[in-house]
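The values are calculated or read from the model by the stated rules, or taken from the named source; none is laboratory data. Just so it is clear, the structure is predicted and the values come from calculations on it, not from any experiment. Glycine gets a Cβ as well: all are built from the backbone with ideal geometry, and neighbour counts include every protein chain shown. Just the protein is used for accessible areas: all its heavy atoms, side chains included, with ligands, DNA and RNA removed. Shrake-Rupley method; radii C 1.70, N 1.55, O 1.52, S 1.80 Å.
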Amino acid sequence: MARLAVNVDHVATVREARGIDVPDPVLAAGLAELAGADGIICHLREDRRHINDRDLRLLRETVKTKLNMEMAAVDEMVEIALTVKPDVVTLVPEKREELTTEGGLNVKAQPDYYKGVVERLKGGGILVSFFVDPDPEQVLIAQQCGGDIVEIHTGHYSEARSESEAIERFERVTRAVESASDLDLRISAGHGLNYKNIKRFGALPQIEEYSIGHSIVAKAVLVGFERAVMEMIELVDYL
Ligand code: PXP
């Protein structure tokens, strides 16, 4: 049975649209946990466009399950992580102009650099996850850099515009998951997953956890946060 970790970034996006203090992603995280979520995820971006330092601090104090902080592998964020101590850090690429994280981290481009970042974070007792494209080579290098977990980027699969494209892109996810499993890495998946396209993942029991944000927040706006989370848990429980 797979786990669901809920990303609360876009609750903060709605707050920032008005520049006031509601809705609060910290309350949303509490509701997600009450609904049965296994973890809470937030991305502290360099430009603080949604989650801010106060949110991260309060999430650390209040999250009862597991807090996963997504961040760029830069000094400022490593320092913050070592102070706040989330349970897991997920290293992601970050570009100011992107609407959301666009691709996986190119671990292959700077393995020595990422090895150093992993050592610092693990020295602080934090588990490290690498968010990578469904590419066995990136998975292997993430493992060689000391990563505990790989999160396979499902965005390309989610954006498939036909069934044949979805099958072909899911095949790539499958190959990456199989190589991560052969390397004894813990495996997560996320980006663009929703109440429909998650169903195909029943074929990949090696995936321990799903990281899902936008589709849950989008449904929550209309039906409430707890119901939106519960309906996703029902699906994830089947995988
Ligand atoms: N995983 C990572 C690494 C992400 O950056 C995001 C988006 O913040 C997600 C998962 C969740 O994606 P979505 O909001 O499309 O569910």
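Tabulated values for the structure
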{"quantity": "Residue match in region 45-52 (condition: within 21 Å of Leu193 (Cα to Cα), hydrophobic (A, V, I, L, M, F, W, C) and open to solvent by less than 20 Å² (accessible area, probe 1.4 Å))", "calculated": "yes"}
{"quantity": "Meets criteria (within 16 Å of the ligand (Cβ to nearest atom), open to solvent by 10 Å² or more (accessible area, probe 1.4 Å) and of a type in the set (A, V, I, L, M)) for Val107", "calculated": "no"}
{"quantity": "Contacts under 6 angstrom Cβ, first residue in region 69-87 being among the acidic types (Asp, Glu), partner modelled with pLDDT of 95 or more, 6 or more apart", "calculated": "Glu70/His43; Glu70/Thr90; Glu70/Val92; Asp87/Lys66; Asp87/Leu67"}
{"quantity": "Some residue of region 136-154 being touching a His at 6+ places or on another chain (Cβ under 6 Å) and polar (S, T, N, Q)", "calculated": "yes"}
{"quantity": "Matching residues in region 58-105 - criterion: being of a type in the set (A, V, I, L, M), in a loop (DSSP other than H, G, I, E, B) and at pLDDT 95 or above", "calculated": "Val63, Ala72, Ala73, Val74, Val92, Leu105"}
{"quantity": "Those residues of region 30-45 which are within 17 Å of the chain's Cα centre (by Cα) and assigned to a loop (DSSP other than H, G, I, E, B), in sequence order", "calculated": "Ala37, Asp38, Leu44, Arg45"}
{"quantity": "Hits in region 121-130 - residues which are on the phi < 0 side of the Ramachandran plot and open to solvent by 10 Å² or more (accessible area, probe 1.4 Å)", "calculated": "Lys122, Gly123, Gly124, Leu127"}
{"quantity": "Checklist (1) within 15 Å of the ligand (Cβ to nearest atom); (2) in contact (Cβ under 8 Å) with a residue 12 or more places away in the chain applied to Ala160, failing item", "calculated": "(2)"}
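Conditions tested, residue by residue: (1) in contact (Cβ under 8 Å) with a residue 60 or more places away in the chain; (2) more than 14 Å from the ligand (Cβ to nearest atom); (3) open to solvent by 10 Å² or more (accessible area, probe 1.4 Å).
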position	(1), (2), (3)
Ala12	no, no, no
Asp21	no, yes, yes
Val26	no, yes, yes
Leu31	yes, yes, yes
Ala37	yes, no, no
Cys42	no, no, no
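One line per residue, one yes/no per condition, for (1) part of a loop (DSSP other than H, G, I, E, B); (2) surrounded by fewer than 19 Cβ atoms within 10 Å (Cβ to Cβ); (3) more than 16 Å from the ligand (Cβ to nearest atom):
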residue	(1), (2), (3)
Gln138	no, no, no
Ile152	no, no, no
Ile167	no, yes, yes
Phe170	no, no, yes
Arg175	no, yes, yes
Ala180	no, no, no
Ser188	no, no, no
Gly202	no, yes, yes
Tyr210	no, no, no
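Let's see how each residue does on (1) β-branched (Val, Ile, Thr); (2) open to solvent by 10 Å² or more (accessible area, probe 1.4 Å); (3) under 22 Å from Val8 (Cβ atoms); (4) not in a helix (DSSP H, G or I):
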site: Glu119; (1), (2), (3), (4): no, yes, no, no
site: Ile141; (1), (2), (3), (4): yes, yes, no, no
site: Arg161; (1), (2), (3), (4): no, yes, no, yes
site: Asp184; (1), (2), (3), (4): no, yes, no, yes
site: Gly192; (1), (2), (3), (4): no, yes, yes, yes
